[in-house]
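Presented below is the structure to which this report refers.
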Amino acid sequence: MAPMDEVEYQKMITGAWYAPERLAPERLKAQCLCAQYNALPPDDTAGRRALLRTLLGAMGENVCVEQPFRCDYGRNISLGARTFLNYGCTFLDCAPITLGEHVLCGPNCSFYTAIHPIDPAERLTDRERAAPIVLEDNVWLGGNVTVLPGVTIGANTVVGAGSVVTRDLPPNVVAAGNPARILRHLP
């Protein structure tokens, strides 16, 4: 397997335009680790934890990641203590994705950091850039929530099932919809 292009990697995680094809070896490595993880028996707690520690950039204590789990790179993902990811979560971690402590994600939640050019001619260059995603402590995402590039969701916020979060959400709110809108404030 060819070595990863560190220059392109640094461009990617800092939000500059980069060439994703130059990072294919790193994505393949993560895909292989995800396949191994997803093939482990659900009761192999030690094996699952060890594989996640190899795949992810950082992981707190008592994290639960249900299978299947998918990601682009893995090493750009940080999961805080007591975070729970239900079945089928997808992390396109071209930029850092940081989940705080006690974050709860329902089934099939998706986190997309990649940004492609809107201009058709620019899109033909096969360049992209990425923006980080942050979920602060005690956030709860219902099933099938999609979080888009550059979004921060504040502490204690709840996002309703099926929502698409296109902009930052402040702490202590309930939001839902496509695009997600604040429905009410929490005490």
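The values are calculated or read from the model by the stated rules, or taken from the named source; none is laboratory data. Bear in mind that the values here come from a model prediction, so they are computed numbers and not experimental data. Heads up, the Cβs are rebuilt from the backbone with ideal geometry, glycines too, and the neighbour counts pull from every protein chain shown. Just so you know, the surface numbers come from the protein's heavy atoms only, side chains and all, with ligands and any DNA or RNA stripped out. Shrake-Rupley method; radii C 1.70, N 1.55, O 1.52, S 1.80 Å.
Go over the candidates D126, D168, D137 one by one and state the one that is touching a Gly at 6+ places or on another chain (Cβ under 6 Å) and acidic (D, E).
Working: D126 fails: touching a Gly at 6+ places or on another chain (Cβ under 6 Å); D168 fails: touching a Gly at 6+ places or on another chain (Cβ under 6 Å).
The unique qualifying residue is D137.
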Review point. Somewhere in region 1-8, is a residue over 21 Å from G150 (Cα atoms), open to solvent by less than 80 Å² (accessible area, probe 1.4 Å), outside any loop (DSSP other than H, G, I, E, B) and without any contact (Cβ under 8 Å) to a residue 60 or more places away in the chain?
Key: no
Review point. For region 129-187, which residues satisfy the criterion of being over 30 Å from W17 (Cβ atoms), part of a strand (DSSP E or B) and among the polar types (S, T, N, Q)?
Key: none
Point to revise | Residue in region 49-58 that is crowded, with 16+ Cβ neighbours inside 10 Å and among the β-branched types (V, I, T) present | key: no
Review point. Yes or no: T54 touching a residue at least 12 places away in the same chain (Cβ under 8 Å), closer than 27 Å to E136 by Cβ and β-branched (V, I, T)?
Key: yes
Practice item. Please name all residue pairs, on different chains or six or more residues apart, with Cβ atoms under 9 Å, provided the first residue is in region 19-36 and is touching a residue at least 12 places away in the same chain (Cβ under 8 Å) and the second residue is in a helix (DSSP H, G or I) and open to solvent by 60 Å² or more (accessible area, probe 1.4 Å). Key: A19/K11; R22/V7; L33/T54
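Kindly establish whether A39 is modelled with pLDDT of 95 or more and either open to solvent by 30 Å² or more (accessible area, probe 1.4 Å) or within 19 Å of L141 (Cα to Cα) (or both). Can you show your working first?
On the way: modelled with pLDDT of 95 or more: yes; either open to solvent by 30 Å² or more (accessible area, probe 1.4 Å) or within 19 Å of L141 (Cα to Cα) (or both): yes.
Spelling it out, A39 is indeed modelled with pLDDT of 95 or more and either open to solvent by 30 Å² or more (accessible area, probe 1.4 Å) or within 19 Å of L141 (Cα to Cα) (or both).
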Study note, to complete from the structure: Reported set for region 103-157 where residues are of a type in the set (S, T, N, Q), open to solvent by 30 Å² or more (accessible area, probe 1.4 Å) and over 22 Å from V173 (Cβ atoms) is N108, T125
Review point. What is the one condition in (1) buried (at least 18 other Cβ atoms within 10 Å of the Cβ); (2) closer than 16 Å to T125 by Cβ that R22 does not satisfy?
Key: (1)
Check your understanding: Restricting attention to region 85-128, which residues are hydroxyl-bearing (S, T, Y) and either closer than 17 Å to G160 by Cα or at pLDDT 95 or above (or both)?
Key -> Y87, T90, T98, S110, Y112, T113
Practice item. Give the residue that is surrounded by the most Cβ atoms within 10 Å (Cβ to Cβ), with candidates limited to residues of region 59-102 that are among the aromatic types (F, W, Y) and assigned to a strand (DSSP E or B). Key: F91
Check your understanding: Based on what the data block shows, is D126 in contact (Cβ under 8 Å) with a residue 40 or more places away in the chain, out of contact with any Lys or Arg (no Cβ under 8 Å at 6 or more places or on another chain) and not small (G, A, S)?
Key -> yes
